[in-house]
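The values are calculated or read from the model by the stated rules, or taken from the named source; none is laboratory data. All values derive from a computational prediction rather than experimental measurement. Neighbour counts are summed over all protein chains in view; Cβ atoms, including those assigned to glycine, are modelled from backbone coordinates with ideal geometry.
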Amino acid sequence: MTSQTITAEASGTWKLGDLTVNRIGFGAMRLAQNGEALVPDAVPSDRGRAISVLRRAVELGVNHIDTAAFYFSSLRSANELINRALAPYPDDLVIATKVGPGRGLSGEWLNHATPEQLRGQVEENLRQLGRDHLDVVNLRIVRDDSIAERFGALADLRDAGLIRHLGLSNIRVQHLAEAQAIAPVVCVQNRYGLGASPEQEELLRICGEQGIAFVPFYAIAGAGGQAGAGAAESEEALAVARAHGASAAQVRLAWTLSRGPHVLAIPGTGDPDHLTANVAAGVLRLSEDELALLDALHRRGA
């Protein structure tokens, strides 16, 4: 599968509210660190390489970047790298960030920001990115309790002009309806890929019915999560990959995109070759037989 001239436009487009994005985007979680992400003692990334990957992503047509103020290492942050690499930003570039988790003033990890703390997190994202407003802000959930107060705080910031559109991340089914009673939701960002749980499948379906973007994270890594794809690949995915001269990772991305026109992908990498391959997956079209083979694998929880 030749990937040198394939750009993100080949994946098709979807709208986050009034913002049109290509369905293959870029996740910034791994930009600031090498190896496993969001680990306090991880080795900081090479700054120049990270900046070059971001610039190359935009050259390849990526216009949807997912980031967060809590994506950082001891030396650098993803938001700062994005600012340095891409500002002044292209007119069509959509930067989505997320709030909820973060670091306290003493460096302690916070999983569950209060409504008051959320404003500070939004302002920190604005400062780091050098923006006067944020395109999309996802409220990331870490528990099953009500999100009304926190989502309401973000809706107030949207009304004040600091945020353009709102989304949700890592949610359960009931959270979507709860949020929609307060303000429109343009995207749901949850863990999804081959082998995802029935609840994630239900969320994908609900989002499609309501015209909401479904934005999987770990679509390639699967069970490896933050550590990345490490387990032995299934024979089904490898067979499909061989038939297309592609990698198993590209097949996983293509299968994920096949789940509906509202499904976006935000694979992240600090490797320029992996970036090119991820973008090229947007042009990979799987046959009905191949989809059936992978669907069976999916139902087995692979």
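Residues satisfying the criterion are present in the stretch 243-253 (criterion: closer than 15 Å to GLY25 by Cβ, at pLDDT 95 or above and out of contact with any Lys or Arg (no Cβ under 7 Å at 6 or more places or on another chain)).
Given the residues GLY195, GLY208, GLY161, which is the only one that is modelled with pLDDT under 95 and surrounded by fewer than 23 Cβ atoms within 10 Å (Cβ to Cβ)? Don't jump to the end; show me each part of the working.
Numbers: GLY208 fails: modelled with pLDDT under 95; GLY161 fails: modelled with pLDDT under 95.
Sole residue among the options that is modelled with pLDDT under 95 and surrounded by fewer than 23 Cβ atoms within 10 Å (Cβ to Cβ): GLY195.
Residues that are β-branched (Val, Ile, Thr), at pLDDT 95 or above and either surrounded by fewer than 17 Cβ atoms within 10 Å (Cβ to Cβ) or closer than 20 Å to ILE95 by Cα (or both) within the stretch 256-275 comprise VAL263, ILE266, listed in sequence order. So, ALA179, is that one more than 23 Å from ASN278 (Cα to Cα), touching a Leu at 6+ places or on another chain (Cβ under 7 Å), among the aliphatic types (A, V, I, L, M) and surrounded by fewer than 22 Cβ atoms within 10 Å (Cβ to Cβ) or not? So ALA179 does not fit the description; no. Given the condition touching a Leu at 6+ places or on another chain (Cβ under 9 Å), among the basic types (Lys, Arg) and not in a strand (DSSP E or B), answer yes or no: does some residue in the stretch 154-162 qualify? Yes: one or more hits. The numbered conditions (1) more than 28 Å from THR13 (Cβ to Cβ); (2) out of contact with any Asp or Glu (no Cβ under 9 Å at 6 or more places or on another chain); (3) surrounded by fewer than 19 Cβ atoms within 10 Å (Cβ to Cβ) are all true for SER74 except (2). Residues in the stretch 127-157 that are over 12 Å from ALA179 (Cβ atoms), buried (at least 16 other Cβ atoms within 10 Å of the Cβ) and basic (Lys, Arg): ARG131, ARG140. Here is a list of conditions, (1) more than 23 Å from GLY17 (Cα to Cα); (2) out of contact with any helix residue (DSSP H, G or I) (no Cβ under 8 Å at 6 or more places or on another chain); (3) of a type outside the set (Phe, Trp, Tyr), and VAL136 meets all of them except one; can you say which number that is? Here VAL136 clears every test but (1). Restricted to the stretch 77-120, and to residues there that are modelled with pLDDT of 95 or more and of a type in the set (S, T, N, Q), the residue that is surrounded by the most Cβ atoms within 10 Å (Cβ to Cβ) is THR97.
If you check ALA237 against the conditions, is it in a helix (DSSP H, G or I) and without any contact (Cβ under 8 Å) to a residue 24 or more places away in the chain? Break it down into steps so the answer makes sense when it comes.
Numbers: in a helix (DSSP H, G or I): yes; without any contact (Cβ under 8 Å) to a residue 24 or more places away in the chain: no.
No, not satisfied.
Results for (1) farther than 20 Å from ALA68 by Cβ; (2) touching a residue at least 60 places away in the same chain (Cβ under 8 Å), shown as yes or no for each residue.
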| position | (1), (2) |
| --- | --- |
| LEU154 | no, no |
| LEU162 | no, no |
| ASN170 | no, no |
| VAL173 | yes, no |
| GLU178 | yes, no |
| TYR192 | no, yes |
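All of (1) crowded, with 16+ Cβ neighbours inside 10 Å; (2) at pLDDT below 95 hold for GLY225 with one exception: (1).
Considering the stretch 58-95 alone, what residues qualify as being assigned to a loop (DSSP other than H, G, I, E, B) and of a type in the set (S, T, N, Q)? Result: ASN63, THR67, SER73, SER74.
Is it true that GLY268 is more than 27 Å from GLY48 (Cβ to Cβ) and in a loop (DSSP other than H, G, I, E, B)? Considered against the rule, which asks whether it is more than 27 Å from GLY48 (Cβ to Cβ) and in a loop (DSSP other than H, G, I, E, B), GLY268 comes out as no.
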